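Some notes on the structure that comes next.
Coordinate-derived values only; no laboratory data. Please read all numbers here as calculations on a predicted model, not as lab measurements. Glycine gets a Cβ as well: all are built from the backbone with ideal geometry, and neighbour counts include every protein chain shown.
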Amino acid sequence: MRKMMVGALVALVLTPAWAAPALDPASSEKGELMKVLDVVLLLNLAEKNTHSRSGRFVSYSELVKSGALAETAKGSLSRAYKTLRLENENEPLEGYGLAMMVSPDGTAYKLSLEQKKKCGAAFFTSGTGVIYFGKPLGCPAN
């Protein structure tokens with residue numbers, strides 16, 4: 001079981017968003033999860049770009065105010081950007097709660113985007129750039 005989960009996480013990290021085999025629930029749910037994954041990719045890349053320029057990670061509101069999110073969204077992530085409610089720090093994507101913590105010195109950050117429903121899916125990432133996907137224990141996998 002552990003090998004399978006590690007394989008799914010590696011596949012999610014190394015596979016383009018449109019083909020992630022680790023997410024294989026019903027097609028409507030899969031489509032929604034792919035949109036959420038794109039939002040996480042956008043946030044992660046905006047953080048990476050900000051860190052490269054300034055040497056520090058920043059909060060969601062700082063990503064919005066600085067224009068880093070809009071700048072990062074050019075190209076393939078523009079649809080993800082358009083789904084965001086930029087003014088809502090706690091729920092920038094309808095139905096999903098965002099928790100984002102940045103260390104006081106800006107050297108690290110952690111982010112989670114969790115579906116606000118029983119047995120909802122969640123995505124997690126940090127300054128490492130690795131994205132994790134999961135569901136609560138005790139809930140069906142699909």
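Summing charges over neighbours of C139, with a neighbour being any other residue whose Cβ is under 12 Å away from its Cβ, gives +3 when K and R count +1 and D and E count -1. Under the simplified labelling scheme, the T107-K65 pair shows an inter-label distance of 2.4 nm, with each label point 7 Å from Cα along Cα→Cβ. Among the lysines of region 36-134, pairs that are 8 or more positions apart or on different chains and have alpha carbons within less than 29 Å of each other number 17. Among the trypsin sites (Lys or Arg not before Pro) in region 29-95, those located in a DSSP loop and surrounded by at most 12 other Cβ atoms within 10 Å of their own Cβ are K74, R85.
In whole percent, what relative contact order does region 36-134 give with Cα contacts below 8 Å and a gap of six or more residues?
Value for region 36-134: 24 percent.
When the square roots of the Cα gyration tensor eigenvalues are ordered a ≥ b ≥ c, the ratio a/c for region 29-142 is 1.5 or more and a/b exceeds b/c, which makes its shape prolate.
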